[in-house]
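So the structure is just underneath, and the comments pick up after that.
The values are calculated or read from the model by the stated rules, or taken from the named source; none is laboratory data. These numbers come from a predicted model, not from an experiment. Note that we place each Cβ from the backbone using ideal geometry, even for glycine, and neighbour counts take in every protein chain shown.
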Number of protein chains: 2
Amino acid sequence: MKIYRYPETKTWPDLVRRPVFEREEISGLIAGIFEAVEKDGDQALIGFNKKFDKAVTPQIIVSEAELENAEKEISEDLKKAIQQAKENISKFHASQIVETQKIETVKGVTCWRENRAVEKVGIYIPGGTAPLFSTVLMLAVPANLAGCQEIILCTPPDCNGDINPAILFTAKLCGITKVFKTGGAQAVAAMALGTESIPKVYKIFGPGNQYVVAAKEYAQRYGVAIDMPAGPSEVLVIADSKAIPEFCAADLLSQAEHGSDSQVVFMTTDFKIFTETVEAVEKQVKKLPRNEMAGQALDHSLFILVNSIDEALEFSNLYAPEHLILALEDFAPYIPMINNAGSVFLGNYSCESAGDYASGTNHTLPTNAYAKNYSGVSLDSFVKKVTFQHLSKEGLKKIGKTIEIMAEAEGLIAHKNAVSIRLK
Amino acid sequence: MKIYRYPETKTWPDLVRRPVFEREEISGLIAGIFEAVEKDGDQALIGFNKKFDKAVTPQIIVSEAELENAEKEISEDLKKAIQQAKENISKFHASQIVETQKIETVKGVTCWRENRAVEKVGIYIPGGTAPLFSTVLMLAVPANLAGCQEIILCTPPDCNGDINPAILFTAKLCGITKVFKTGGAQAVAAMALGTESIPKVYKIFGPGNQYVVAAKEYAQRYGVAIDMPAGPSEVLVIADSKAIPEFCAADLLSQAEHGSDSQVVFMTTDFKIFTETVEAVEKQVKKLPRNEMAGQALDHSLFILVNSIDEALEFSNLYAPEHLILALEDFAPYIPMINNAGSVFLGNYSCESAGDYASGTNHTLPTNAYAKNYSGVSLDSFVKKVTFQHLSKEGLKKIGKTIEIMAEAEGLIAHKNAVSIRLK
């Protein structure tokens with residue numbers, strides 16, 4: 001832990017700096033993978049499964065039987081939990097559907113926007129130490145609500161060539177019928193380029209390691225969009241004297257356990273809460289199965305004593321955390337002060353893991369200070385808003401002169417003509 | 001013109017293909033410009049103004065006196081036109097502000113989103129053959145409505161070191177007080193990195209040539225967001241037998257005059273409309289001051305006879321045009337069929353130039369088939385939507401078990417603990 005007592009604002013830019021991600025090093029590797037996938041399609045993916053995942057996968061697509069079997073392999077309790085989470089996520093994301101509002105800017109000039117789903121979307125779900133079936137919910141539920149026509153999912157196989165059953169069960173529950181056994185940069189390449197079995201998509205979603213992140217960035221040169229740039233996961237907790245140190249510690253650790261590069265920041269005005277939270281973290285971390293990873297994340301975590309909650313929020317806006325927890329008795333007055341954050345958790349009972357799984361909010365959020373300029377994933381991420389306009393002859397008459405004058409002043413005479421020819 | 005009669009669908013992928021943009025060639029140049037701006041700041045910009053724009057600009061920021069004088073240099077008519085356009089753009093974009101809706105997904109679990117403006121935004125306005133003061137309106141008006149705290153504008157000086165007065169007048173009208181004399185990739189670099197006089201921004205907007213486009217792409221590695229990727233401007237017109245060939249021709253030419261790389265597509269079911277539109281284009285183009293550029297754009301334009309309006313819309317969805325004009329008597333039934341388009345103009349009096357200037361819609365739109373996965377600029381482009389949640393103890397009790405089961409199944413025990421510790 002790095003401990004700071006009342007740091008001066010001039011030191012803040014150093015404190016909020018995130019670890020730098022070495023992109024140049026791996027860019028050659030990514031280009032090579034894209035080239036292989038473009039050239040050899042499914043065969044390249046089968047080869048990469050063998051090479052990177054030690055898996056033999058004669059077929060890339062998950063079979064109907066595998067999807068069916070998955071259901072039998074997971075407990076009823078887990079099924080029910082996934083179902084409840086899905087309901088809440090559906091409810092919150094459905095509330096984001098906005099009715100079309102037609103505006104007559106001038107009599108006879110009517111303008112509006114309509115949502116149109118991104119037709120083909122690809123979801124990437126990492127394998128590795130945690131089977132993130134919760135992320136399947138977070139991406140497939142809004143994709144379905146938005147009306148995406150084709151929703152595919154790629155995830156790496158284990159060494160037996162299988163996919164975690166909870167991922168398959170959740171995918172099927174969300175109506176995804178095309179799941180593919182491929183991971184890492186090659187999965188992203190396959191969704192960007194298309195192969196014999198994997199359709200090319202228009203937008204790629206989902207988390208991943210630095211290879212996946214770099215591949216998503218690289219994929220954009222093929223005209224594909226991505227959900228957002230990414231970095232390691234983050235939480236910033238602001239606590240007052242009424243906060244409960246054990247709760248704060250548990251929240252900080254639920255971030256730290258994600259990986260050794262997780263970003264953990266704790267700020268308080270209260271010295272007692274400060275020391276007790278440090279103690280609680282040290283006590284709780286020992287009992288975690290992922291304590292080694294969490295310990296490494298804690299090594300570079302920041303514990304900061306501040307003069308006021310206002311100051312903490314100012315720091316938080318500069319830091320722009322993915323998750324911001326206000327462990328404050330009276331949090332309401334501070335809400336308008338929050339400018340840069342992905343998702344905000346208010347009060348002592350709004351733990352980050354509620355939003356990670358089941359409250360209904362999305363857990364795909366901007367990291368790495370991108371909360372300054374990006375929103376988290378929502379229904380909006382799966383639609384384009386198309387503008388429509390209708391002008392009657394009278395409407396065009398009302399604004400025609402304006403268009404003609406402006407077009408002429410910009411030297412665009414054909415733009416002017418398009419009006420003049422209609423009004424003469 | 002390239003003329004196609006009832007092309008088979010298997011030929012469509014070739015027909016919709018856009019010209020390929022050679023990005024590798026100029027990437028070294030762009031990196032060099034960023035390096036120079038990072039190292040020498042304003043001095044680098046002053047040097048580039050001399051080198052690229054033949055302009056002597058001892059000071060990069062436009063002075064208060066220059067902003068004041070601009071008003072005197074433009075006609076009252078133009079001022080009034082800009083003012084009317086501003087009102088309509090304001091009206092339409094203000095209608096995009098959506099009220100916060102709080103959702104109780106489960107009793108005691110309340111979730112909602114709030115808009116927060118991107119604090120610092122930069123607007124790029126190209127110089128060159130057309131002084132695009134209309135683009136100042138399209139970007140500064142929603143930025144102001146969104147509540148962006150810092151809105152800056154960069155545009156290249158002419159060879160006298162001056163900025164077009166209509167650009168300055170419009171900037172001032174929209175409340176932009178910081179205008180900088182710098183253009184091209186170096187302007188983008190300055191906004192991404194910051195210099196002595198130009199503040200670093202969080203998001204960069206605005207059109208430009210291939211150097212500007214490449215620089216915006218490059219800028220993203222510094223954590224800056226951009227409005228959208230870009231390519232040459234486009235229009236696709238679908239006409240039925242009641243369309244008016246002279247109107248269609250004028251719309252096609254108002255696209256063609258943008259530049260020799262403009263993309264112009266005309267589709268109709270009616271042979272008479274087809275031949276008459278071709279004739280009208282050939283007649284009208286001769287009278288245009290920018291007829292050379294328009295002629296070059298027409299050389300690669302597509303004029304396509306189709307079997308039905310349905311078929312034309314299918315082609316259009318594959319093409320994903322920036323602007324789509326439905327010159328149809330009965331356009332309403334076709335609206336739901338439109339999936340991929342930036343902005344749609346309905347009927348014979350909705351010319352594209354209405355949306356370019358004054359109807360109220362935004363003219364910063366996705367090109368290069370990006371209408372498949374991007375929206376045009378709107379109020380949304382200037383805000384992030386931050387998620388908030390509040391759980392009461394009872395609320396957490398209701399979903400706690402779900403969170404615990406899911407977290408455990410993902411192997412994330414600290415996530416589970418954050419709930420357990422609160423409920424025990």
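Applying the condition of being part of a loop (DSSP other than H, G, I, E, B) and among the small types (G, A, S) to the range A:109-162 and asking which residue is modelled with the highest pLDDT yields A:G147. One residue alone among B:T361, B:T387 is hydroxyl-bearing (S, T, Y), more than 30 Å from A:N317 (Cβ to Cβ) and either within 29 Å of the chain's Cα centre (by Cα) or facing chain A (nearest Cβ under 7 Å) (or both), and that residue is B:T361. Mind checking whether some residue in the range B:209-216 is within 30 Å of A:Y370 (Cα to Cα) and touching a strand residue (DSSP E or B) at 6+ places or on another chain (Cβ under 7 Å)? Looking for residues that are within 30 Å of A:Y370 (Cα to Cα) and touching a strand residue (DSSP E or B) at 6+ places or on another chain (Cβ under 7 Å), one finds at least one in the range B:209-216, hence yes. Residues in the range B:246-259 include none that are in contact with a Leu (Cβ under 7 Å, 6 or more places away or on another chain) and more than 14 Å from chain A (Cβ to nearest Cβ). Return the residues of the range A:64-110 that are within 7 Å of chain B (Cβ to nearest Cβ), more than 29 Å from the chain's Cα centre (by Cα) and touching a residue at least 24 places away in the same chain (Cβ under 8 Å); say none if nothing qualifies. Scanning the range A:64-110 gives A:V106, A:V109.
Counting only residues that are surrounded by fewer than 19 Cβ atoms within 10 Å (Cβ to Cβ) and within 24 Å of A:K242 (Cβ to Cβ), which one in the range A:306-332 is farthest from the other protein chains (Cβ to nearest Cβ)? Top of the filtered list is A:N307. So, B:L379, is that one in contact with a His (Cβ under 6 Å, 6 or more places away or on another chain) and either surrounded by fewer than 22 Cβ atoms within 10 Å (Cβ to Cβ) or more than 7 Å from every other protein chain (Cβ to nearest Cβ) (or both) or not? So B:L379 passes the test.
If only residues of the range A:41-63 that are touching a residue at least 40 places away in the same chain (Cβ under 8 Å) and charged (D, E, K, R) are counted, the one that is nearest to A:I152 (Cα to Cα) is A:D42. Evaluated against (1) closer than 30 Å to B:V377 by Cα; (2) in contact (Cβ under 8 Å) with a residue 60 or more places away in the chain; (3) of a type in the set (V, I, T), B:V306 falls short on exactly one condition, (1). Each residue in the range B:354-374 was checked for being in contact with a Lys or Arg (Cβ under 9 Å, 6 or more places away or on another chain), polar (S, T, N, Q) and under 16 Å from A:V106 (Cα atoms), and 1 of them qualify.
Scanning the range B:366-376 for residues that are polar (S, T, N, Q) and within 7 Å of chain A (Cβ to nearest Cβ), which turns out surrounded by the fewest Cβ atoms within 10 Å (Cβ to Cβ)? Ranking the qualifying residues of the range B:366-376, first place goes to B:S375. Consider the range B:402-424 and keep the residues that are more than 7 Å from chain A (Cβ to nearest Cβ) and of a type outside the set (G, A, S). The one that is nearest to A:S254 (Cα to Cα) is B:K416.
Every residue, every condition in (1) charged (D, E, K, R); (2) over 22 Å from A:A143 (Cα atoms), yes or no:
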{"site": "A:E35", "(1), (2)": "yes, yes"}
{"site": "A:Q43", "(1), (2)": "no, yes"}
{"site": "A:G47", "(1), (2)": "no, yes"}
{"site": "A:F52", "(1), (2)": "no, yes"}
{"site": "A:A65", "(1), (2)": "no, yes"}
{"site": "A:S75", "(1), (2)": "no, yes"}
{"site": "A:K79", "(1), (2)": "yes, no"}
{"site": "A:I82", "(1), (2)": "no, no"}
{"site": "A:K86", "(1), (2)": "yes, no"}
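The single condition among (1) in a helix (DSSP H, G or I); (2) in contact (Cβ under 8 Å) with a residue 24 or more places away in the chain that A:Q220 does not satisfy is (2). Across the range A:144-192, the qualifying residues are those that are touching a Phe, Trp or Tyr at 6+ places or on another chain (Cβ under 6 Å) and of a type outside the set (A, V, I, L, M, F, W, C), and the one among them that is nearest to A:Q83 (Cα to Cα) is A:T170.
Any chance you could count how many residues in the range B:312-363 are among the acidic types (D, E), out of contact with any Phe, Trp or Tyr (no Cβ under 9 Å at 6 or more places or on another chain) and assigned to a loop (DSSP other than H, G, I, E, B)? Of the residues in the range B:312-363, 2 are among the acidic types (D, E), out of contact with any Phe, Trp or Tyr (no Cβ under 9 Å at 6 or more places or on another chain) and assigned to a loop (DSSP other than H, G, I, E, B). For B:L236, the stated conditions do not hold, so it cannot be described as assigned to a helix (DSSP H, G or I), modelled with pLDDT of 95 or more, within 14 Å of chain A (Cβ to nearest Cβ) and under 28 Å from A:S420 (Cβ atoms).
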